[in-house]
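Where a number appears in this text, it was derived from the coordinates with a stated rule and is not lab data. Keep in mind that this is a model prediction, so the values were computed, not measured. When we count neighbours, we look across all protein chains shown, and the Cβ atoms used for this are built from the backbone with ideal geometry, even at glycine.
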Amino acid sequence: MSSDMGQEETGGAVGVPRAVPIDQWDMTAQMAYWGFHQRRRTDYMRYAYLQLGSDADAEEAVDLTFDAVMDCWPRMLEMENLEGYAWTILKRRIIDMHRKRRRRPELMETAAFEAAVADHVEDP
């Protein structure tokens, strides 16, 4: 079933857009994604490690985050707060991993977030 959803088509679930493979994006979208990936990966790894306490778990959470970001990147480019949306995806992946471990997330989330991005905050 096709619909007029830009470059996307409806996936298996009714009304759920199917991800457009990165090799079908225009060059600008591809470059924007890889630039975003390069700029944010270190921050995401730091934050995920502070939340999960394990390099392997942090790597998994960040990889899953970038997979999800890639799946919706063309739509994200139209968002007003792309950065906030991506952080939300990461936080949800971390919560999922805590649930998988059957532990609740630490209450240090705000401190961990601030520590992860402290190096990238520019003074006005």
With x for Gly and Pro, the residue-by-residue ³J(HN,Hα) of the stretch 70-78, computed from phi through the Karplus equation 6.51 cos²θ - 1.76 cosθ + 1.60 at θ = phi - 60° and given in whole Hz, is 4, 4, 10, 3, x, 6, 4, 4, 8
Dipole check, the stretch 26-120, charges on Cβ (K,R +1; D,E -1), about Cα centroid: among Ala29, Ala48, Ala68 the Cα furthest to the positive pole belongs to Ala48
The Cα extents of the stretch 26-120 along the principal axes, largest first and rounded to whole Å, are 41, 28, 23
Toy charge model, Lys and Arg Cβ at +1, Asp and Glu Cβ at -1: the stretch 26-120 dipole around Cα centroid in debye, rounded to 20, equals 460 debye
Residue span Arg41 to Lys100: 0.36 nm per residue of separation minus Cα-Cα distance leaves a gain in nm of 19.0 nm
Here the net charge surrounding Arg41, from other residues whose Cβ is less than 11 Å away from its Cβ (Lys, Arg +1; Asp, Glu -1), is 0
Note, Glu60: beta-carbon cut-off 13 Å, +1 each Lys/Arg, -1 each Asp/Glu, net -3
